């Protein structure tokens, strides 16, 4: 695998610049890299190992897919594609991903891309490049599990119900009320379908967004940003909720639709990401933690 040893700042800047470019490309229509198109964006998976990518690499590869108009969610290094009997087309450009390598170890680096460098002083960031399946010849993707829209919606509804959040319907807007520790939602019938999603899918994608907010309450994950983001903390929390909802929607094969109310946040997101190249790393890590928390709670009640 091709690896570039850059300074930590340069590694994060390379990843952030790619994500910023994708956000800017879709800003006019509020379409972010995680929104996909006709189909929900596939969760990025390594074609050679079958393992999903994690943390900021998920967002980076979604950004690359958006800019390159790739449909496949399968990625691999040049050498991995060769080992699979496939050939990367001449002139194809790889997508950057972050790896961390132990400073005091000569072992092969493991993919710890969601580790915030602030908390990992013994690791150095390295930049590697992978190629999408749409850029190669001679490879057939595995057949995905086939489920109907009804089955998928039932799975999402059951997942949400098992978490046990206090959800109130009848509001004119969707929001998480931290003061009351409840989620306020419009009635399900208030949601309309689009060319890419049904009304039920639209309802679920919005509710999952609010569930990520719910996970950050003091009695749960206690997400706090301190002085690092200051007045931009609210917009940063919205970015975390967007990413967390995107991770969940991708897992449930639901299209997460662009939200016009995020027009107020996009400029702030771009400002934060451009100024602080570690910000997207932190946002992706916190979104992953939120998804893992919600998944753990849902699974616990399912077993009970």
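Might you check whether a residue that is at pLDDT 90 or above and at positive phi occurs anywhere in region 43-54? There is at least one residue in region 43-54 that is at pLDDT 90 or above and at positive phi.
All conditions but one from (1) at pLDDT below 90; (2) closer than 22 Å to residue 43 by Cβ; (3) not in a loop (DSSP other than H, G, I, E, B) apply to residue 265; the one that does not is (2). Scanning region 215-231 for residues that are modelled with pLDDT of 95 or more and in contact with a helix residue (DSSP H, G or I) (Cβ under 8 Å, 6 or more places away or on another chain) returns 215, 216, 220, 221. Restricting attention to region 167-180 and to residues that are over 25 Å from the mean Cα position of the chain (by Cα) and assigned to a loop (DSSP other than H, G, I, E, B), the residue that is nearest to residue 234 (Cα to Cα) turns out to be 179.
Residue 237 meets each of the listed conditions (1) surrounded by fewer than 20 Cβ atoms within 10 Å (Cβ to Cβ); (2) modelled with pLDDT of 90 or more apart from (1). Restricting attention to region 191-215, the residues that are buried (at least 16 other Cβ atoms within 10 Å of the Cβ), over 15 Å from residue 259 (Cβ atoms) and more than 18 Å from the chain's Cα centre (by Cα) total 2. Please determine whether any residue of region 152-164 is in the same structural domain as residue 264 (by TED's automatic domain parsing) and part of a loop (DSSP other than H, G, I, E, B). Yes, region 152-164 contains a residue that is in the same structural domain as residue 264 (by TED's automatic domain parsing) and part of a loop (DSSP other than H, G, I, E, B). Only one entry in 270, 294, 221 is crowded, with 21+ Cβ neighbours inside 10 Å, touching a residue at least 60 places away in the same chain (Cβ under 8 Å) and either under 13 Å from the mean Cα position of the chain (by Cα) or outside the structural domain of residue 20 (by TED's automatic domain parsing) (or both), namely 294.
If you go through region 224-242 one residue at a time, do you hit one that is touching a residue at least 40 places away in the same chain (Cβ under 8 Å), in a loop (DSSP other than H, G, I, E, B) and over 27 Å from residue 192 (Cα atoms)? Looking through region 224-242, none of the residues is touching a residue at least 40 places away in the same chain (Cβ under 8 Å), in a loop (DSSP other than H, G, I, E, B) and over 27 Å from residue 192 (Cα atoms). Only one of (1) under 27 Å from residue 205 (Cα atoms); (2) at pLDDT 95 or above is not met by residue 174, so which one is it? Failing condition for residue 174: (2).
The values are calculated or read from the model by the stated rules, or taken from the named source; none is laboratory data. No experiment lies behind these values; they were computed from the predicted model shown. Positions of Cβ are generated from backbone atoms using ideal geometry, with glycine treated the same way; all protein chains shown enter the neighbour counts.
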